[in-house]
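The values are calculated or read from the model by the stated rules, or taken from the named source; none is laboratory data. Just so it is clear, the structure is predicted and the values come from calculations on it, not from any experiment. All Cβ positions, even for glycine, are placed from backbone atoms using ideal geometry, and neighbour counts span all protein chains on display. Areas reflect the complete protein model, heavy atoms only, side chains present, ligands, DNA and RNA absent. Shrake-Rupley method; radii C 1.70, N 1.55, O 1.52, S 1.80 Å.
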Amino acid sequence: MIPDSTSGRVPAPAQPAGERRRPPRRALLAAGATALLLAGCLPEAETPPIGIATPTHYVEGPANPNAHLPPAEWWRSFRSNDLSRFVAEASVDNLDIAVATAEIVQADAQVGISGALLYPNLTFAGSAAQIRSSGSSGNPGSTSGQYILGLSAGYMVDFWGKNRSGLLAAEENAAAARFNRDVVTLSTQVAVANTYFQILGARDQLRIAQNSLAAATRILDIVKRQFAGGTVSQLDVSQQEALVAQVRASIPPIEITLRQNWAALAVLLARAPVALDPPQGSLAQITVPRITPGLPSDLLVRRPDISLAEAQLLAGGYNVEAARAAMLPQIQLTGTGGVQSAALQALFAPGAWYYTLVAGLTQPIFDGYLLQSQLDQAKGVQIQDLQLYRKAILSAFADVEKALVALDQTNKQVKLQAAVVDSSRTAFRVAESQLAGGTTTLVAVLQAQQTYFTAENGLAQVRLARLLAATSLFQALGGGWGP
């Protein structure tokens, strides 16, 4: 016999002509009407109150919501062709983004899986069998055939919205997968920008170290000539030699930073490091964009991680409804129909037709608290998602505040540090010329030299910190704000 694909029941064999089983018409009509009435029931997820008041303004930002908002392609604000090219390549080729995109495909497929429970299922089956009975003394036995073709159908009436809640939860998870891809995309773009700036910063520091080494070597030559003339001591020569060695020893760590960030950038672009030409340029050539955050309420629709947390919270609410509905009675409608005959040539004769219609009701009574525990688990996940949603909102406000103060203070620090570099450069040049003329001591030159190159290193580090603060602000605002 052909088991029903949904209920597992086996249909009754075909009855002789004129003795076909009649279905319980009243029960079937009542069940069908109930199914039609309940097909349009849409469960609503119970979402706990968020309990977070949105601030009206930022402590560190202006109140004007339309001043210098981040553009859609925010990375172009730095006016670097290399950076724009790298971000464009990473947006297409990055493997983390590819993984997040594949997760969207899986989430969409899960929507189809969950939605399939809302529709009837229909299965076709056929079988043929020959049965030989054993004989006895004087009876040679007999052979009979059994041929069956049939269709079986089943439908679970979603009386309490269990399957509908499962579908809505899957749809919210699919939306969450898309928001997650946006989060990964933004994080990748920021990582590309930060790595690119790290490379340029390392190049700046390498140039400073090489210039410092050249200047220290030049002064060492002056000191050695003076030592040969008897105007300075061996101590002066040794001190300058130590300074030259110290500057030379500072170059390998910079090379490590440069090459490691170069390799990291290659991975972000889904390339091998050998296939990537190292970026050229300087941080001084990068434009620092002007940007203000707008209103705090904008973050609730602009940041993809907040939208992700919200979708997960909604999905958790629907999962709670599905778990609650699983504790209530379930109505199952099944039916089978087809033809059955002991002879193949009589398979489609009028008497070979049969059908079976069944309506069933099941109600869990005791399951070792399985369904109750599943409901409690769904509620616990919902509470967890609520706290994560609250944290995402508060973290977003804090991220913007931190990025604003970092960008503001590093802007001021760059101006102050640039003044220090100008003054120390002048002092070093004067000290070097005076040393060559024999009108100053080597100690004064050493102090001026160390002050100058320390100031230049500090300026390079502050420029890097300012650019990293700018990318942090773009990330804190959720990327570009297109129309």
Total residues in segment 324-347, condition open to solvent by 60 Å² or more (accessible area, probe 1.4 Å) and in contact with a Ser or Thr (Cβ under 8 Å, 6 or more places away or on another chain): 1
Exclusive hit being open to solvent by less than 40 Å² (accessible area, probe 1.4 Å) and modelled with pLDDT of 90 or more, set Leu464, Leu416: Leu464
Residue match in segment 392-400 (condition: open to solvent by 40 Å² or more (accessible area, probe 1.4 Å), assigned to a helix (DSSP H, G or I) and more than 30 Å from Leu283 (Cα to Cα)): yes
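Only one residue in Gly368, Gly380 is within 43 Å of the chain's Cα centre (by Cα), open to solvent by 30 Å² or more (accessible area, probe 1.4 Å), modelled with pLDDT of 85 or more and on the phi > 0 side of the Ramachandran plot. Which one? Before you say what the answer is, go through the steps one by one.
Details: Gly380 fails: on the phi > 0 side of the Ramachandran plot.
Selected residue: Gly368, the only one of Gly368, Gly380 that is within 43 Å of the chain's Cα centre (by Cα), open to solvent by 30 Å² or more (accessible area, probe 1.4 Å), modelled with pLDDT of 85 or more and on the phi > 0 side of the Ramachandran plot.
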Residue within segment 265-274 that is under 17 Å from Phe86 (Cβ atoms), surrounded by fewer than 17 Cβ atoms within 10 Å (Cβ to Cβ) and touching an Asp or Glu at 6+ places or on another chain (Cβ under 7 Å) present: yes
Search result, residues across segment 89-116 that are hydrophobic (A, V, I, L, M, F, W, C), modelled with pLDDT under 95 and surrounded by 15 or more Cβ atoms within 10 Å (Cβ to Cβ): none
Checking Val421 against (1) open to solvent by 70 Å² or more (accessible area, probe 1.4 Å); (2) modelled with pLDDT of 90 or more; (3) hydrophobic (A, V, I, L, M, F, W, C), the condition it does not meet: (1)
Leu213, sole failed condition from (1) touching a helix residue (DSSP H, G or I) at 6+ places or on another chain (Cβ under 7 Å); (2) surrounded by fewer than 18 Cβ atoms within 10 Å (Cβ to Cβ); (3) free of Cβ contacts under 8 Å to residues at least 60 places away in the same chain: (2)
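Quick one: would you say Leu313 is within 45 Å of the chain's Cα centre (by Cα) and either surrounded by fewer than 19 Cβ atoms within 10 Å (Cβ to Cβ) or basic (Lys, Arg) (or both)? Break it down into steps so the answer makes sense when it comes.
Values: within 45 Å of the chain's Cα centre (by Cα): yes; either surrounded by fewer than 19 Cβ atoms within 10 Å (Cβ to Cβ) or basic (Lys, Arg) (or both): no.
Considered against the rule, which asks whether it is within 45 Å of the chain's Cα centre (by Cα) and either surrounded by fewer than 19 Cβ atoms within 10 Å (Cβ to Cβ) or basic (Lys, Arg) (or both), Leu313 comes out as no.
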Failed item in (1) within 27 Å of Leu477 (Cβ to Cβ); (2) among the polar types (S, T, N, Q); (3) in a loop (DSSP other than H, G, I, E, B), with Gln280 passing the rest: (1)
